[in-house]
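Step one of this worksheet: look at the structure below.
The values are calculated or read from the model by the stated rules, or taken from the named source; none is laboratory data. Just so it is clear, the structure is predicted and the values come from calculations on it, not from any experiment. Note: ideal-geometry Cβ built from the backbone for every residue, glycine included; neighbour counts use all protein chains shown. Accessible surface is based on the protein model in full, side chains and every heavy atom, while ligands, DNA and RNA are left aside. Shrake-Rupley method; radii C 1.70, N 1.55, O 1.52, S 1.80 Å.
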Amino acid sequence: MPRPRGFEQEAPPPAREWPISGRSARRAQRRPFVDAEWRSLAPPRAVGRSSLSGGKLAAAAVAVAEQRTRRAASRVRIVVTKAPTACWNRGSPLPRFSCGLRVGRTGRRDPDNRSLKDTMFARGLKRKCVGHEEDVEGALAGLKTVSSYSLQRQSLLDMSLVKLQLCHMLVEPNLCRSVLIANTVRQIQEEMTQDGTWRAVAPQAAERAPLDRLVSTEILCRAAWGQEGAHPAPGLGDGHTQGPVSDLCPVTSAQAPRHPQSSAWEMDGPRENRGSFHKSLDQIFETLETKNPSCMEELFSDVDSPYYDLDTVLTGMMGGARSGPCEGLEGLAPATPAPSSSCKSDLGELDHVVEILVET
Amino acid sequence: MHEGSVVADIISTVEFNHTGELLATGDKGGRVVIFQREQEVSGGECKIKNQVHRRGEYNVYSTFQSHEPEFDYLKSLEIEEKINKIRWLPQQNAAYFLLSTNDKTVKLWKVSERDKRPEGYNLKDEEGRLRDPATITTLRVPVLRPMDLMVEATPRRVFANAHTYHINSISVNSDYETYMSADDLRINLWNFEITNQSFNIVDIKPTNMEELTEVITAAEFHPHHCNTFVYSSSKGTIRLCDMRASALCDRHTKFFEEPEDPSNRSFFSEIISSISDVKFSHSGRYIMTRDYLTVKVWDLNMENRPIETYQVHDYLRSKLCSLYENDCIFDKFECVWNGSDSVIMTGSYNNFFRMFDRNTKRDVTLEASRENSKPRAILKPRKVCVGGKRRKDEISVDSLDFSKKILHTAWHPSENIIAVAATNNLYIFQDKVN
């Protein structure tokens, strides 16, 4: 759940009037959502790379990889060798970014032309295609295939969660769209849950695992989700040692050897994260049903609590009513930096959220 | 093909009436514009050019504001005035009746003509001002005198406060006394005369909203059997219900679903299988469904798979991720039958629309755009090329404009006249053979 927030923070959407009122304001605001979504998924840190990888999804994937690598002292880095494909079929060969690359190849693009007509994609982002080849770093060639698929899948998950959250902010969320996105998220989550333990199993076996197998991997799933959940808060995990394997995509995270210390943190964290994740999905529907601004605020603060506490941010103090992992972190103070400092380092990235809360 | 176009707000629904004489469009601004077909020039000299072109043109007949934007104070939500659907009632007297709906409220409008007005009031003068009673010395009987034709639309019924979720469909029953309105989770049955009550006939809302995985996307009554209706879901299923079976039709009578093709499975499989429109054929024997990439024709007697599947724009299958990113994958395309149920039509991107002949299995892609068609010009078939080699006149997939989508089309009930809504332009095409 916090993952998409990470992307949003790094590239806050353009300033707009909140709360929404009036038809024109609503109309004017609707378009920026598409742009906002775009920008929110293209973190500035990865811009340099995105020009090489030539794709927004690639940028997202690369940013994910970067965050993971930064968090731990490990030389293993996942680099997307080729940009993800538009259609993520399981078991498909190494993906090609057919749309974006073709756009670059025809050479008929105006550099400043941003019309939807010329790109397959939403407005706003200029796609540059310098080349297909990427610098290949890291020694785990076999993992690259798997990890790129997983990175793509992760990007899709992030994008879906962002869509859910953003549509949550719309005045009238389209229930059908939200349900479809939520189902996609569930599907990915299921698959990641299964992949976490059965990476080598044939695709059809991973399709519909019996319930008991899912239950038995719940602990591992929690850890896996904790991995995901902690990503958008790089500051929190800086001083925190994790197994080198855990740097890799979630596919292998379940196999990471767990230090008691780290597992304690992760149990605290991911439990919150996973709970928040589920809660956020549930809350989305509840809020869709009841729909009032305070619910949105509630949703945001609950979702955000796992890795940073809004109260902390706003008051500049450590701790707070809804800081789960923050409390956990305090217990592990020697191993981790003070949450307040990490929170403050993320302050710039919280502008968007704070703006909403303050102005609502 | 003969063409006319009107610029308005973004058109959100298009519907011919039962005779095809009137064409109603609803737009995002809550307005309804009704076009009327010009009377054909009689005399049989239809080969003369200027008589041909005057034959059967649609001109603006009436315009009125159907819905206004509202505010739901309880939920702090704006209610859009966009007209989601218009459905005509069969004509029973000189006036025309239509149902129009936005997200929350259905309204019954009466559109009537007035070509005479009374003159010679005793108490009012010609301008309508009250006369001083002291100046009245004689009495006279007001006389009806002809006047310029005036078309007035009056709201006769307002069916409100019955839907928690957004209304996506309305359908008039063949008994002409009831109609249904469907939102994302419920379907209500109304009687035209009663506005403060409706019967809930389908409710798929789970007790725990967290378990919500499926919504209703479209619903329609059977054209002849007033007890039968179908509704489609976001999971690609169609349920046929019989209202005689029970008051609450949560248990379907028939369940139409095509088994998934495992080779095509992806994360987007469910999204693209979501049905955006369902239409009964005029005969009542078939239903047609539109999902993101295909149009399917189902026989009511066969539930396990459709009898025909037509690929609308299969070249988009490899672009699904991008379309998911820019939300185009959630576009709800409609589909229509022609009068004889032999041809089906649906829209696509880049202002393209497709027609499939069910008998000859031929299909054609046409474009609704100002640049490419002049009035009375014949529409040229278009082609989208998927491979590397692009022929002249072909357009490559990457050059398609995804902001120009044709979601709403309509087909005249008996003639080969189609109305195509391209964003805020309405195009009317006619088969010149007719």
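If the condition is being farther than 15 Å from B:PHE356 by Cα and in contact (Cβ under 8 Å) with a residue 24 or more places away in the chain, then region B:299-314 contributes B:LEU300, B:GLU303, B:ASN304, B:ARG305, B:PRO306. Once region B:53-109 is narrowed to residues that are among the aromatic types (Phe, Trp, Tyr) and farther than 27 Å from B:ALA218 by Cα, the residue that is modelled with the lowest pLDDT is B:TYR73.
Which numbered condition trips up B:LEU323, out of (1) in a loop (DSSP other than H, G, I, E, B); (2) over 20 Å from the mean Cα position of the chain (by Cα)? Condition not satisfied by B:LEU323: (1).
Being modelled with pLDDT of 85 or more, more than 8 Å from chain B (Cβ to nearest Cβ), within 30 Å of B:LYS82 (Cα to Cα) and in a helix (DSSP H, G or I) holds for only one residue in A:LEU180, A:LEU157, A:LEU161, and it is A:LEU161. Evaluate region B:199-212: report whether one residue or more is facing chain A (nearest Cβ under 10 Å), buried (at least 16 other Cβ atoms within 10 Å of the Cβ) and closer than 20 Å to B:ARG305 by Cα. Within region B:199-212 (the criterion being facing chain A (nearest Cβ under 10 Å), buried (at least 16 other Cβ atoms within 10 Å of the Cβ) and closer than 20 Å to B:ARG305 by Cα), the answer is no, since none of the residues qualifies. Selection within region B:76-101: residues that are part of a loop (DSSP other than H, G, I, E, B) and within 14 Å of another protein chain (Cβ to nearest Cβ). The member of this set that is least open to solvent (accessible area, probe 1.4 Å) is B:GLU81. Looking across region B:354-370, just one residue is of a type in the set (Lys, Arg), part of a loop (DSSP other than H, G, I, E, B) and crowded, with 17+ Cβ neighbours inside 10 Å, and that is B:ARG358. All told, B:ARG376 meets the bar of being touching a helix residue (DSSP H, G or I) at 6+ places or on another chain (Cβ under 7 Å) and more than 14 Å from chain A (Cβ to nearest Cβ). Do we find that B:ARG265 is within 27 Å of A:LEU180 (Cα to Cα), open to solvent by 10 Å² or more (accessible area, probe 1.4 Å) and away from every other protein chain (no Cβ under 14 Å) in this structure? Taking the combined requirement at face value, the residue does not satisfy it.
Scan region B:299-320 residue by residue and report those that are over 26 Å from the mean Cα position of the chain (by Cα) and within 14 Å of another protein chain (Cβ to nearest Cβ). Passing the criteria: B:TYR315, B:ARG317, B:SER318, B:LYS319, B:LEU320.
On the stretch given as region B:246-260, residues that are open to solvent by 80 Å² or more (accessible area, probe 1.4 Å) and aliphatic (A, V, I, L, M) total 1. Identify the residue in region B:154-167 that is assigned to a strand (DSSP E or B) and open to solvent by 30 Å² or more (accessible area, probe 1.4 Å) and, among all such residues, is farthest from the other protein chains (Cβ to nearest Cβ). Checking each candidate, the answer is B:ARG156.
Within the set B:THR237, B:THR228, the sole residue that is touching a His at 6+ places or on another chain (Cβ under 6 Å), over 29 Å from A:SER150 (Cα atoms) and touching a residue at least 12 places away in the same chain (Cβ under 8 Å) turns out to be B:THR228. Close contacts from region B:58-75, counting a first residue that is open to solvent by less than 60 Å² (accessible area, probe 1.4 Å) and a second that is β-branched (Val, Ile, Thr) and not in a strand (DSSP E or B), with Cβ to Cβ under 8 Å and a gap of 6+ residues or different chains, come to B:SER66/B:ILE83; B:HIS67/B:ILE83; B:HIS67/B:THR105; B:LYS75/A:THR290. With the condition kept exactly as written, say whether any residue in region B:344-353 is free of Cβ contacts under 8 Å to residues at least 12 places away in the same chain, within 14 Å of chain A (Cβ to nearest Cβ) and open to solvent by 10 Å² or more (accessible area, probe 1.4 Å). Within region B:344-353, not a single residue is free of Cβ contacts under 8 Å to residues at least 12 places away in the same chain, within 14 Å of chain A (Cβ to nearest Cβ) and open to solvent by 10 Å² or more (accessible area, probe 1.4 Å).
Scanning region B:182-190 for any residue that is open to solvent by 20 Å² or more (accessible area, probe 1.4 Å) and within 18 Å of B:ASP277 (Cβ to Cβ) turns up nothing.
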